[in-house]
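K.L.:
One structure is given below, represented as structure tokens, and several questions about it will come after.
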Amino acid sequence: MSDSEHVESPSDGRIYDPDDDHHFPDEKLNAVLEFVEADEEIQTYLEAQNVNAVDRKRYNDHGAKHIEIVRNRALCLYDLLKAGDVDFNGARQQGLEEADEAVIIALAATLHDVGHIVHRDQHAYYSIPLAADILDRILPEFYDIADRVRVKGETLHAILCHHTAEKPLTTEAGVIRVSDALDMERGRSRIPYEQGGRGINTLSSQAISRVSLHEGESSPVMVEIAMTNAAGVYQVDNLLKAKLKGSGLEDDIRIVAVNTNENREQLVERIEL
């Protein structure tokens, strides 16, 4: 079920609202988001990149809706981590401002899958030159030459490191890596499922009914996952766990998945990571 199919609550940690109060400066971020949403080239990329993933490979959604969800999750996760005083080193070590952390995260979330327009396989590496060209057009609207080079580099690093083969060196990149896996609800696999796809990615996504982010008690963030059958374990254990490992956020995020199906025998009732 997609984000748009729910009545959202501010406590769900699912939707970034520019008008809300946040634990970080958001004025520059909100201006960048307005630019991205109005940009025809970017929006066309987000539509076109889904053809290889879904139409040709019959894989889960990697288009505009996936990007919207990942970006929302990333900014909500970032907000919770900032509230928990987690250190973000990417912008800081480049001599950038705190306000640039959210910009890096939002741009990386927006462009991380653009390489799918070339091929699903090894798409993270194709995303780098394509995103670099797009960033060269966006960043001059908001930064001088020196800062645009630094923001570009940090954004590309975060894009590359959403791929589990590459190790994030910044907290911003770790947020993108984890947030990519947080789009696991059944709405993501709707198209391949309706087309007859019954692979493990499709079936396991169909078993996930809701993902929410909250302030944790023993860690800054708790991710709550509601699943309707044991197939959802694949999304949690094989995909999300793999993304969390090596992200640099292992000690800051607690994951709890609960089987909410009360009508049949439950092979798995609860998982905690």
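K.L.:
Report, ordered by the first and then the second residue, all pairs with beta carbons closer than 8 Å, sequence separation of six or more or different chains, a first member in the stretch 33-52 that is open to solvent by less than 30 Å² (accessible area, probe 1.4 Å), and a second member that is among the hydrophobic types (A, V, I, L, M, F, W, C) and not in a helix (DSSP H, G or I).
P.N.:
So the pair list comes out as N52/V118.
K.L.:
Just to verify a result, which residue in the stretch 125-155, among those that are exposed (fewer than 15 other Cβ atoms within 10 Å of the Cβ) and charged (D, E, K, R), is farthest from L46 (Cα to Cα)?
P.N.:
D144
K.L.:
Next question, about the same structure. How many residues does the stretch 211-253 contain that are among the basic types (K, R) and within 15 Å of the chain's Cα centre (by Cα)?
P.N.:
So in the stretch 211-253, the residues among the basic types (K, R) come out as 241, 243, 245.
Then keep just the ones that are within 15 Å of the chain's Cα centre (by Cα); that gives 241, 243.
Number satisfying all stated conditions: 2.
K.L.:
Another one. Looking at (1) out of contact with any Ser or Thr (no Cβ under 8 Å at 6 or more places or on another chain); (2) farther than 24 Å from E224 by Cβ; (3) at pLDDT below 85, which is the only condition I200 fails?
P.N.:
(2)
K.L.:
Let me spell it out: the conditions are (1) among the charged types (D, E, K, R); (2) under 17 Å from the mean Cα position of the chain (by Cα); (3) within 21 Å of V151 (Cβ to Cβ), and K65 meets all of them except one. Which number is the exception?
P.N.:
Single failed check for K65: (3).
K.L.:
A follow-up question, please. Of all the residues that make up the stretch 149-179, how many are closer than 22 Å to V51 by Cα and at pLDDT below 95?
P.N.:
Within the stretch 149-179, residues that are closer than 22 Å to V51 by Cα and at pLDDT below 95 number 1.
K.L.:
Now for a different question. Determine which member of the set Y126, Y143 is hydroxyl-bearing (S, T, Y) and within 29 Å of R56 (Cα to Cα). Write out each step before concluding.
P.N.:
Numbers: Y143 fails: within 29 Å of R56 (Cα to Cα).
After ruling out the rest, the residue left standing is Y126.
K.L.:
Looking for whichever is in contact (Cβ under 8 Å) with a residue 12 or more places away in the chain and assigned to a loop (DSSP other than H, G, I, E, B) here; the options are V103, V86, V70, V151. Which one fits? Reasoning before the result, please.
P.N.:
Details: V103 fails: assigned to a loop (DSSP other than H, G, I, E, B); V70 fails: assigned to a loop (DSSP other than H, G, I, E, B); V151 fails: assigned to a loop (DSSP other than H, G, I, E, B).
Matching residue, one of V103, V86, V70, V151: V86.
K.L.:
Shifting gears a bit: Which numbered condition in (1) within 21 Å of D252 (Cβ to Cβ); (2) part of a loop (DSSP other than H, G, I, E, B); (3) in contact with a helix residue (DSSP H, G or I) (Cβ under 9 Å, 6 or more places away or on another chain) is the only one that L81 fails?
P.N.:
(2) is the only condition that L81 fails.
K.L.:
Separate question: Counting only residues that are under 18 Å from L77 (Cβ atoms) and small (G, A, S), which one in the stretch 227-255 is surrounded by the fewest Cβ atoms within 10 Å (Cβ to Cβ)? Let's see the steps before the verdict.
P.N.:
Of all residues in the stretch 227-255, those under 18 Å from L77 (Cβ atoms) come to 235-236, 239-255.
Applying the additional criterion that residues be small (G, A, S) yields 242, 246-248.
Working: A242: 13, G246: 15, S247: 24, G248: 21.
Filtering the stretch 227-255 for residues that are under 18 Å from L77 (Cβ atoms) and small (G, A, S), the one surrounded by the fewest Cβ atoms within 10 Å (Cβ to Cβ) comes out as A242.
K.L.:
Another one. Please enumerate the residues belonging to the stretch 107-131 that are among the small types (G, A, S) and in contact with a Ser or Thr (Cβ under 9 Å, 6 or more places away or on another chain).
P.N.:
If the condition is that a residue be among the small types (G, A, S) and in contact with a Ser or Thr (Cβ under 9 Å, 6 or more places away or on another chain), then A108, A109, G115, A131 are the ones that fit.
K.L.:
Just to be sure I understand, how many residues within the stretch 1-55 are at pLDDT 95 or above and touching a Cys at 6+ places or on another chain (Cβ under 7 Å)?
P.N.:
1
K.L.:
Being among the small types (G, A, S) and buried (at least 23 other Cβ atoms within 10 Å of the Cβ) is the filter here, so list the residues in the stretch 53-96 that pass it. Before you say what the answer is, go through the steps one by one.
P.N.:
If we filter the stretch 53-96 for residues that are among the small types (G, A, S), which is where we start, we get 53, 63-64, 74, 83-84, 90-91, 95.
Selection gives A53, A74, G90, A91.
The values are calculated or read from the model by the stated rules, or taken from the named source; none is laboratory data. Small disclaimer: the values here were computed from a predicted structure and weren't measured. Positions of Cβ are generated from backbone atoms using ideal geometry, with glycine treated the same way; all protein chains shown enter the neighbour counts. Keep in mind that these areas ignore ligands, DNA and RNA; they rest on the heavy atoms of the full protein, side chains included. Shrake-Rupley method; radii C 1.70, N 1.55, O 1.52, S 1.80 Å.
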